[in-house]
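Have a look at the structure below, then the notes.
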Amino acid sequence: YFDGDRGERLRLGLCAFFLLASSVGNQIYFKKMTSAMPNYGWYLTQLSTFIYVPIFAVVAGTGAVQHAKPGLLFKFAMMGVFDGLSGTMMVLGGVHTSGTMQVLLSQAVIPMTIVFSVALLRKRYHLLQHSGAAIIVVGIILAKAAGGGGDAANNLVTFNIIFACSLVPSALSSVFKEVAFKGFDGDLDVNVLQFWVALFQFVTNFIAMPIYTLPVLGPQQVPMSHMPALITGGTRCLFFLEDQVKMDCGWPGERPCDHCATAWLPVVLYLAFNVLFNIFTILVIKHGSAALSFLIATLRMPLAAFAFGSPLIMGREAVPPGPKDIVCLVVIIAGLVTYRYGGVLLQRQEPEEFASPGSPDESPSPGSSSASPSSLREPLKRPRRLKWAFLPLFNTGGVPTAEPAFIQVRAKVAPRSAVRVRHDLYHKLGAASPWNSPQYRHLSPPPSPNPHLAASEDSQLPEPADFSLTGLAQS
């Protein structure tokens with residue numbers, strides 16, 4: 001049992017630990033999955049997306065249809081298109097991109113997000129955030145120019161570029177999610193959102209099939225007429241352990257041969273780690289904050305990079321990091337830390353704008369000095385800016401990027417009860433509250449440093465007798 005603040009800290013610590021472990025496992029087994037079934041990249045993309053469609057259909061229930069309004073469906077479709085293109089190119093490029101290089105390249109989503117946010121939203125960033133993004137770009141360029149990121153045989157330039165290009169729709173998706181629901185006044189059901197996004201992402205994967213027919217893919221090119229065969233071939237390889245590609249394979253200039261007898265294990269483990277990663281991301285946000293999830297995303301990078309060099313974890317595919325890899329890692333980590341610290345400084349400079357989901361708006365509490373008679377004589381202040389809440393989303397397919405997936409919605413304001421309104425009225429009028437009378441003084445709630453009082457506390461207060469305010473009676 002978890003009781004009190006100590007139990008809450010323990011719960012948060014466990015969630016943070018399992019989030020870090022599942023995110024590293026997700027990244028490792030993504031590479032193992034693409035290495036185990038390199039000839040079925042499109043099939044793996046569809047599989048890792050489709051498993052979430054029935055899950056969210058059950059969770060959303062009839063709301064998936066009831067809340068399917070044209071305006072929302074368009075936004076869901078845009079998110080699904082961006083995520084579908086990103087997942088398709090990430091799986092295809094990951095076949096011939098080493099695990100270490102995947103870790104390094106995936107950090108490029110940060111400078112891409114900054115560029116798109118500034119260009120499309122005119123968003124302001126701290127100088128340190130721009131500096132951190134520039135350092136990340138320098139580290140990635142050094143990694144590729146110096147031949148870092150693992151064995152050169154596992155890093156083909158064409159597939160490295162495809163993997164890097166997958167971050168473009170990923171960054172656009174992050175920018176779109178930031179503003180998509182800022183004008184939405186209704187109650188947004190996240191399960192409905194994720195059902196439709198996963199469904200549109202599944203459809204987008206079909207539309208993106210021509211990517212696999214590009215001649216630049218070399219032996220990995222699949223003619224459009226052979227694309228339907230990937231469904232039956234991938235199913236027989238994964239579920240029936242039957243090798244489909246056994247001839248004209250395995251040599252330089254040829255596609256890899258199938259090893260379906262052991263392919264199911266990394267695929268199942270990847271899907272399991274992906275689900276756990278998404279669940280613990282939500283739990284960390286619920287019991288902690290979005291800032292903690294960003295910190296864990298930063299810690300994931302060096303751990304995953306060194307895990308790819310461990311023979312115990314990667315087996316024969318392990319490539320121990322050399323001096324060049326370590327230098328590039330240090331440079332990119334320095335860029336990440338600089339970027340995160342710049343975000344903290346920017347938050348301190350700007351007025352408070354974001355809130356945790358469900359946080360109530362401020363209102364004066366009984367016995368507090370926020371509604372003193374002197375303050376009532378001052379001019380009314382300008383209404384405060386709307387508060388926004390971060391809501392985490394599931395990562396369906398691909399590897400977790402440096403920026404966790406969120407949408408921003410208006411923070412819900414808890415309605416005040418009738419007793420709460422009565423107390424606030426007494427303070428605003430500068431009149432003595434009935435709770436200060438000897439009869440009710442011992443029942444008055446003590447002042448709290450937290451201005452937010454839950455409605456449940458109000459319901460415990462007895463209804464006071466009828467009182468009249470001197471000077472307000474009609475003549």
Seminar exercise, completed: Taking a ≥ b ≥ c as the square roots of the Cα gyration tensor eigenvalues, with a/c under 1.5 meaning rounded and otherwise prolate when a/b beats b/c or oblate if not, segment 231-335 comes out oblate
Seminar exercise, completed: Of Thr204, Thr235, ordered by accessible area with the largest first and a 1.4 Å probe, the sequence is Thr235, Thr204
Exercise. Using a 1.4 angstrom probe and counting only protein chains, how large is the accessible area of Phe56 in Å², to 10?
Worked result: 10
For this session: Using a/c under 1.5 as the rounded threshold, could you call segment 1-148 rounded, prolate or oblate? The axes a ≥ b ≥ c are square roots of the C-alpha gyration tensor eigenvalues, and prolate needs a/b larger than b/c, oblate otherwise.
Result: rounded
Problem set entry | Members of Lys31/Lys324; Lys31/Lys69; Lys31/Lys123; Lys31/Lys246; Lys177/Lys324; Lys32/Lys75 lying beyond 27 Å, as alpha-carbon distances in this model show | Lys31/Lys69; Lys31/Lys123; Lys177/Lys324; Lys32/Lys75
Problem set entry | Where labels lie 7 Å past Cα in the beta-carbon direction, separation of Phe74 and Lys286 in nm | 3.4
For this session: Kindly sort Ile211, Ile110 by accessible area of their heavy atoms, largest first, with the probe set to 1.4 Å.
Result: Ile211, Ile110
For this session: May I ask for the net charge around Leu14, where only other residues with Cβ less than 14 Å from the Cβ of Leu14 are counted and Lys, Arg are +1 while Asp, Glu are -1?
Result: +3
For this session: For Leu346 and Phe50, calculate 0.36 nm times their separation in residues minus their Cα-Cα distance, and state this gained length in nm to one decimal.
Result: 102.7 nm
Exercise. When all protein chains stay in place, what accessible area (Å², nearest 10, 1.4 Å probe) is found for Lys75?
Worked result: 50
Problem set entry | Prolate/oblate/rounded call for segment 2-54, Cα gyration tensor, a/c under 1.5 rounded | oblate
For this session: Kindly report, to the nearest 10 Å², the accessible surface of Trp196 as traced by a 1.4 Å probe over protein heavy atoms only.
Result: 40
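The values are calculated or read from the model by the stated rules, or taken from the named source; none is laboratory data. Treat the numbers as computed from the prediction; the structure is a model and nothing was measured. Glycine also receives a Cβ, built like all others from the backbone with ideal geometry; neighbour counts cover every protein chain displayed. For the accessible areas, the whole protein counts, side chains as well, though only heavy atoms, and no ligand, DNA or RNA atoms are used. Shrake-Rupley method; radii C 1.70, N 1.55, O 1.52, S 1.80 Å.
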